[in-house]
Amino acid sequence: MSELFRALSSVFPKDRISDDETVLAGYGADGAIAPGSMTLPSLVVLPKTMEEIRHLLQIAHRSRVPVTPMARGSNIAGMTVPVQGGVVADLRLMNKIIEINEDAAYALIEPGVTFHELSMKLREKGFFCHLPTAAGGSSPLANYMMRPSGNFTAKWDPDPLLSLEVVTPEAGIIKTGSAAFETAGWRARYHCFPDLTGLFANSYGTLGIVTKAAVKIFDRGEDERLVLTTFDDFPPAMDYMKRLVRRNLAESVTFWTWGWNMFHEMMLSKSEKMPEVMLKQDQKTPPPGVPFGIASARLSGYKEVVDAQEKTCIKIARELGGDSLNNEEAKEKYPGCYEYLDSYFVKGIHPKPGEESQIRAGLHLPGCLLTAEPSKLLEIEKFMWDLAEREFKPPYFYRALPYSHGREFFFAFVVYVTGSLIEQRDYLLHLKSIYGDLYRNLLRNYGGVMFRYRKDPAFFGMTGQYGELLRKIKKLVDPNNIMNPGMLLF
Amino acid sequence: METRFNISEDLYTAMHKCIRCGQCGYGNEEARFSVLCPMQIKGKYFTYSAGGIMQIARAIYEGKMGFSESVRDLLFQCTTCGACEINCGIIGSQVDLFTLMKRELVENGIPLLEPHKSIVENILSKKSPYGGRLPARTEWLSDEKKDSMSSSPEIFYFVGCVSSYMETEIPDAFVNVLTKLDIPFAINDDEWCCGAPLYFAGYEKKTYDMAKHNVEAIEKSGASKVVFTCPTCAMVFKNYYPRWVKRPLQFEVLHATQYFERLQDEGRLKLGPMGAQKTATYHDPCHLGRGQDIYDAPRRILNAIEDLDFKELNLSRENSFCCGGGGLLPTGFPGFADELARIRVSDMEKTGADLLVSACPACKENLKIAAKKLKRGAKAIDITELIDQSLQ
């Protein structure tokens, strides 16, 4: 038994600490870890309280042992893989919904709570949470810490975080937002001093472990509706989304190209086989009778307002050459697509089978996942098509959605690797080599910033004094760099 | 000893596709908030899940660890219920992949758990998983009914080991029904184990002889249909026998509920009252539901019984929660199997049912034991017994 195991055994009962190789193996890789690159931790612990986490970090800090926190759900970016070994803190047993405050519209949750659990509870109360396209078993707290895409991104900004409770190795327990004041509650992100919630957001577990978060929730309103509009090209779809969002007509608008939409039809039919047409060489041109893409707008509020908003959406679409469908038409023409979007945007529950089901048909690899200024997105889209035609095998497609009231766009261009991964091993390695330079080129040439950090220290190095300040803060809260060092952020 | 891991392309692809999302443990549709994977009920770590096993396979393949008794213990806590296959959006063939890993455990010299070792030895020597002095296979069959067997049968009844030796009320009821309906049938006095326990223990090659023996006996009978009251036997016949005998089967494989549903449709089976008003709920056996996609037939039968008030369980159909009776769990980890059966009995009793109906002898046995231990009044019963009682 290692010294570390002995020390941590004083904190965790024996059924919540393990150094059994078999148990450790479960934590050694995720969808992002290349074949042959798995790394196992030395120990896994299952904390139940903030106090246990405090003790864990004190011991790890003293012993200079890396700690990788892991909440629950999809992992496709290697963020919770202990690439430098050490301890994995699996937070699944910290799974309480502590409070749902309908009056102040927030929920106070622990990291082990899942989207399924939170959305179900909120549904009972007529509320809704920000739903990204991660699996329903994912942790809202962990997902929100990384600025998710989802159903309220246009109107409310993709930032549902308010106050946090964070345990750090050196600085102890920090409460941010209004919770910094003992009597002020968890309701607000901002007060009279700088915003520290934002400091921890997108820190990927490198500054501490978040043990509680107050997150925004949304009143469902009297009416909720989707408007689906087909477009034959990307530029008018972009204009459509910008107009809707800037004029405050929709809470969220997304544009999905034909291949992605076909996936939804495939999911509804429970087929695991991609239709031949999705594998055709020319991926830019949809099959006859299929629109290039579909924009879906979520509207909600008083019925009279939603009626008027819907009419306005249709009018704008018509001006731009789009073709809006009413719900009945959409259900009939694109049943899979409609069901998927209706579940997310109207019912407020992760579709099941969900986004992850697409992976049954192939390995989902984000070729490009970034945010960019609207004016640059058309150039980025062209750049990605050109790259894809040169380097990717079909199928590949993208979706785009406005963030921050249309000031920037999220753009996800993905490639699916189908068939046996043994046969595709060389192709996968080739893709990996392309991705190395891709984000740096997109930043340099088009100002596109990677949506989530992808372990490229050079990218962080481009931030100048901002990065320097962050490094100093890191030194203060985690001087021994024990917090998720595998992210290569510090 | 150096680890050898002969991996299939499917397993290689699956273990690299798994994104550890954890969906494999949850139900579908309205059961999306319920944990259906029995391993996840037991184990707190992520590793106790289908996704966790995928990572173990990968770690072994990458040489980070070897096969061990600890890997064996985790693999044999999987009941092969197949909930992960339905709920994982990514892979969908987990049970076969886990069985492939069990085969590799054997190849790497990892000993089976003692009870499983006995089962394998018994099957190889006595053609049945049970040890000790066994009665004749068809001891449950009265001489009178033996006489009613036909040399030109309409169906061949494959009884299965659990029914032959443990839950004999089931085959007795099945034959009663056939006799009442004047359906000529055949049973093999020298039936061998279907091979499922060998397969699920990692000894697939040793099933070949079992399959050959059983198939030859059936074909010799001239029956065009084989009917099973055990869904596991039916599932291995359907899904694995063509591979094990290396040719397509020359007969149709039907579970009893499918066969009875067909007789209902043909107007040959008419169900009336049982004689006393009862409330029943139905537990979908994993190898019948998720294993063969048979959900409606048992419900049609239960709804046709006049004085039976049928109540649907909260976790049912493809979201059924395993009773713990499968995957060699009751012998390998009896405490865990018992825990699962108690959960299921409690779920079933919440419906207010007097009768806990299933369509599988192993499920009936596990539910019966749990109900007794819980000192509950509800009775575990097989659907075939209900048909026998309500046949007009």
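The values are calculated or read from the model by the stated rules, or taken from the named source; none is laboratory data. This one's a predicted model, so the numbers in the text were calculated from it and none came from an experiment. Quick reminder, even Gly has a Cβ in these numbers, built from the backbone with ideal geometry, and neighbours come from all protein chains shown. When the accessible area is computed, the model is the full protein with side chains, heavy atoms only, and any ligands, DNA or RNA have been set aside. Shrake-Rupley method; radii C 1.70, N 1.55, O 1.52, S 1.80 Å.
Quick check: with the 1.4 Å probe, what order do B:R317, A:R64, B:R137 take by accessible area, largest first?
Numbers: B:R317 85, A:R64 160, B:R137 20 Å².
So the residues, ranked largest to smallest area, are A:R64, B:R317, B:R137.
Mind checking the angle between helix B:361-373 and chain B's longest principal axis? C-alpha axes, 0 to 90 degrees, to the nearest 10.
On a 0 to 90 degree scale, this one is about 90.
Can you tell me how the range A:299-419 classifies by the Cα gyration tensor, rounded, prolate or oblate, using a/c under 1.5 as the rounded cut? Display every interim value, and only then the final one.
Numbers: a/c = 2.04, a/b = 1.38, b/c = 1.48.
The shape class here is oblate.
For peptide A:422-432, how many partner chain Cβ atoms fall within 10 Å of a residue's Cβ, on average? Intermediate values should be presented prior to the final figure.
Details: counts 7, 3, 2, 2, 0, 0, 1, 0, 0, 0, 0.
For this peptide, the per-residue mean of nearby foreign Cβ atoms is 1.
Amide H neighbours of A:S149 under 5 Å, at least 5 residues apart or on other chains, H built in the peptide plane: list them.
Excluding prolines and chain starts, which carry no amide H, the hits are A:T133.
Quick one: which residues, 5+ away or cross-chain, put their amide H under 5 Å from the amide H of B:Y26? H built at 1.01 Å from N.
Amide H neighbours of B:Y26, under 5 Å, 5+ apart: B:L36.
Given A:K315/A:K376; B:K220/B:K368; A:K216/A:K242; B:K311/B:K373, which pairs have Cα atoms separated by over 28 Å? Don't jump to the answer; show the numbers that get you there.
On the way: A:K315/A:K376 26 Å; B:K220/B:K368 37 Å; A:K216/A:K242 24 Å; B:K311/B:K373 24 Å.
Checking Cα-Cα distances, B:K220/B:K368 exceed 28 Å.
Specify the inter-centroid distance of the range B:201-240 and the range A:194-268, based on alpha-carbon positions, in whole Å.
Between the Cα centre of the range B:201-240 and that of the range A:194-268, the gap is 53 Å.
How much FRET efficiency would the formula 1/(1 + (r/R0)^6) give for B:D189 and B:A276, where r is the Cβ-Cβ distance and R0 is 45 Å, rounded to 0.05?
Computed FRET efficiency for B:D189 and B:A276: 0.80.
How large is ³J(HN,Hα), in whole Hz, for each residue of the range B:196-202 in order, when computed from phi with the Karplus curve 6.51 cos²θ - 1.76 cosθ + 1.60 and θ = phi - 60°, using x for Gly and Pro?
4, x, 5, 4, 6, 8, x
What's the angle, to the nearest 10 degrees (0 to 90), between helix B:50-61's Cα axis and the longest principal axis of chain B?
Taking Cα atoms only, the helix is inclined about 50 degrees.
Just the number, please: percent antiparallel of the DSSP beta bridges in chain A, rounded to the nearest 5.
Numbers: 61 of 69 bridges.
The antiparallel fraction comes to roughly 90 percent.
Accessible area of the range B:272-324 with a 1.4 Å probe: how many percent of it is carbon plus sulfur? Let's see the in-between values first.
On the way: 720 of 1850 Å².
Carbon-and-sulfur percentage of accessible area, whole number: 39.
Give me a single rounded figure for B:39-46: the average over its residues of other chain Cβ atoms within 10 Å of their Cβ. Mind dumping the intermediate values first?
On the way: counts 0, 1, 0, 0, 3, 9, 15, 11.
Counting other chains' Cβ atoms within 10 Å and averaging over B:39-46 gives 5.
Using a 1.4 angstrom probe on heavy atoms only, work out the carbon and sulfur share of the accessible area of the range B:1-126 in %.
Working: 1890 of 3960 Å².
Roughly 48 percent, rounded to a whole number.
Which residues of the range A:38-85 bury at least 50 Å² of accessible area once all protein chains are present, versus their chain alone (1.4 Å probe)?
Residues passing the criterion (a loss of at least 50 Å², heavy atoms only) are A:M38.
Using alpha carbons only, how many angstrom separate the centre of the range B:320-382 from the centre of the range A:363-432?
If we compute the Cα centre of each part, the gap is 50 Å.
What is the spin-label model distance, in nm, from A:V277 to A:E222 if the labels are put 7 Å beyond Cα along the C-beta direction?
About 4.2 nm, to one decimal.
Anything losing 40 Å² or more of accessible area from the isolated chain to the full protein assembly: pick those residues out of the range B:58-72, probe 1.4 Å, ligands and DNA/RNA ignored.
B:R58, B:E62, B:K64, B:M65, B:S70
Just to verify a number: what accessible area does A:H405 come out at with the full protein assembly present, 1.4 Å probe, Å² rounded to tens?
60
Counting only heavy atoms of protein chains, what accessible area per residue, in Å², does the range B:1-70 have with a probe of 1.4 Å?
Values: 2310 Å² over 70 residues.
Roughly 33 Å² per residue, with all protein chains present.
With point charges of +1 on the Cβ of Lys and Arg and -1 on the Cβ of Asp and Glu, referenced to the Cα centre of the protein assembly as shown, which listed residue (B:A280, B:A211, B:G89) lies farthest in the positive direction of the dipole?
B:G89
Among the helices of chain A (complete DSSP H runs), which have Cα atoms covering no less than 15 Å along the helix axis and a Kyte-Doolittle mean of at least -0.5? Show your work: numbers first, answer last.
Working: long enough: A:50-63 (20 Å, -0.46); A:234-246 (18 Å, -0.35); A:258-268 (16 Å, -0.01); A:303-319 (24 Å, -0.64); A:374-391 (25 Å, -0.59); A:425-446 (31 Å, -0.62); A:465-477 (18 Å, -0.37).
Span-like helices here: A:50-63, A:234-246, A:258-268, A:465-477.
Distance cut-off 18 Å, Cα to Cα: go down the list B:K127/B:K225; B:K278/B:K379; B:K212/B:K238 and report the pairs above it.
On the way: B:K127/B:K225 23 Å; B:K278/B:K379 11 Å; B:K212/B:K238 14 Å.
Beyond 18 Å between Cα atoms: B:K127/B:K225.
What is the angle, in °, between the Cα long axis of helix B:256-265 and the longest principal axis of the Cα atoms in chain B? Nearest 10 is fine, range 0 to 90.
40
Which of the trypsin sites (Lys or Arg not before Pro) found in the range B:223-268 are loop residues per DSSP with 15 or fewer other Cβ atoms within 10 Å of their Cβ?
B:K246, B:R268
How big is the B/A interface in buried accessible area, both sides summed, 1.4 Å probe, to the nearest 100 Å²?
Details: alone 16440 and 20840 Å², together 32990 Å².
Summed over both sides, the interface buries about 4300 Å².
Buried by at least 40 Å² relative to the chain on its own: which residues of the range B:1-23 qualify, computing accessible area with a 1.4 Å probe on protein heavy atoms?
So the qualifying set is B:E9, B:Y12, B:T13, B:H16, B:K17, B:I19, B:R20, B:C21, B:Q23.
Going by amide H atoms built from the backbone, whose H comes under 5 Å of the H on B:L269, apart from near neighbours?
It is B:Q264, by chain and number.
How many Å² of accessible area per residue for the range B:237-281, probe 1.4 Å?
Values: 2100 Å² over 45 residues.
The answer is 47 Å² per residue.
Residues of A:442-448, mean number of Cβ from any other protein chain within 10 Å of their own Cβ, rounded to a whole number?
On the way: counts 0, 0, 0, 0, 0, 0, 0.
Across A:442-448, the average partner-chain Cβ count within 10 Å equals 0.
Whole Å is fine, so just give me how far the alpha carbon centre of the range A:46-79 lies from that of the range B:96-133.
Comparing the Cα centres of the range A:46-79 and the range B:96-133, I get a distance of 40 Å.
Do any GluC sites (Glu not before Pro) in the range A:389-475 lie in a loop, going by DSSP, with at most 14 other beta-carbon atoms within 10 Å of their beta carbon, and if so which?
Values: sites: A:E389, A:E391, A:E408, A:E423, A:E468; in loops: A:E423.
Sparse-neighbourhood loop GluC sites (Glu not before Pro): A:E423.
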